[in-house]
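Colleague: Structure provided below as structure tokens; questions to follow.
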Amino acid sequence: MASTRWFFEPGHTGAEFRARHMMVTYVRGQLKNVQGWLEVDPDEPEKARVEATVDATEVYTGQPQRDAHLRSSDFFDVEHHPTWTFVASHVQQLSTTEFEVGGDLTVRGITRPVLFDVSYLGQWDTPWWEDGRDLGPRRRAGFTATTRINRHDFEVNWNDEVGRRGVVVSAMVDVVVDIEAVLEAG
């Protein structure tokens, strides 16, 4: 079978992260402006190519003061590094629906290798609306990718101590990316 190219549908693709806060709970954040593409031959998924870009300037936690702090140089430094990127370098198929996708993640201008556990959720034909008209059907595929990163690897180092019990923000951050990919018209 030939390779197909898919783009990440921005309205239905996004990333979430969570970090321990005060060592008693988790704080979550969302990044909704995720752009990217996938090129894959279903008969040879290990040769797939994936690239994504995340707009870090639009981080949302539900608390404006915290969002502003995350955008500051203490954390994401969006003034100097407004986007994050991921470029896949290898794919390993574990089952018909489970994959490991490794590659380079760049945050704050620092690139580190990461490994995502990816679940393929299926695909379907759906309407495709543009300018109030249904131009469909268009084929869509769904994926969920998860990983855990150490924020200090990307020099996201701000913290404060909370008595003798710990720190305000954990070093380890869980990341979940939900992807709705649309087959490019061709």
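Colleague: If you take the beta carbon distance between Glu100 and Asp55 as r and set R0 to 25 Å, what does 1/(1 + (r/R0)^6) give as a FRET efficiency, to the nearest 0.05?
Modeller: 0.45
Colleague: A follow-up question, please. Counting only protein heavy atoms, what percent of the accessible surface of the chain is carbon or sulfur at a 1.4 Å probe?
Modeller: Solvent-exposed carbon and sulfur of the chain make up 51 percent of the total.
Colleague: Residue separation times 0.36 nm, minus the C-alpha to C-alpha distance between Thr85 and His12: what's the value?
Modeller: Answer, rounded to one decimal: 24.5 nm.
Colleague: Residue by residue, what Karplus-based ³J(HN,Hα) values in Hz, rounded to whole numbers, does segment 2-14 have, using 6.51, -1.76 and 1.60 with θ = phi - 60° and x for Gly and Pro?
Modeller: Using θ = phi - 60°, the values come out as 7, 5, 10, 10, 10, 10, 7, 6, x, x, 10, 10, x Hz.
Colleague: From the Cα gyration tensor of segment 72-143, with a ≥ b ≥ c the square roots of its eigenvalues, which class applies: rounded if a/c is under 1.5, or else prolate if a/b is larger than b/c, or else oblate?
Modeller: oblate
Colleague: Turning to a different aspect of this structure: Enumerate by residue number the GluC sites (Glu not before Pro) in segment 40-137 meeting two conditions: DSSP loop (anything except H, G, I, E, B), and at most 15 other Cβ atoms within 10 Å of the site's Cβ.
Modeller: Glu79
Colleague: Taking H as built 1.01 Å from N, whose amide H comes closer than 5 Å to the amide H of Trp128, not counting residues under 5 places away?
Modeller: Leu135, Gly136, Arg138
Colleague: While we're on this one: In nm, what is the difference between 0.36 nm times the number of residues separating Ser72 and Asp134 and their Cα-Cα distance?
Modeller: 18.1 nm
Colleague: For the chain, what class follows from the C-alpha gyration tensor (a ≥ b ≥ c being the square roots of its eigenvalues): rounded when a/c is under 1.5, otherwise prolate if a/b is larger than b/c, else oblate?
Modeller: Cα axes put the chain in the prolate bin.
Colleague: Under the classification rounded if a/c is under 1.5, otherwise prolate if a/b is larger than b/c and oblate if not, where does segment 1-48 fall, given a ≥ b ≥ c as square roots of the Cα gyration tensor eigenvalues?
Modeller: Oblate, because a/c is 1.5 or more while a/b does not exceed b/c.
The values are calculated or read from the model by the stated rules, or taken from the named source; none is laboratory data. What you are looking at is a predicted structure, and each value in this text was computed from that prediction instead of being measured. Glycine gets a Cβ as well: all are built from the backbone with ideal geometry, and neighbour counts include every protein chain shown. In case anyone asks, the SASA skips ligands and DNA or RNA and just uses the protein heavy atoms, side chains included. Shrake-Rupley method; radii C 1.70, N 1.55, O 1.52, S 1.80 Å.
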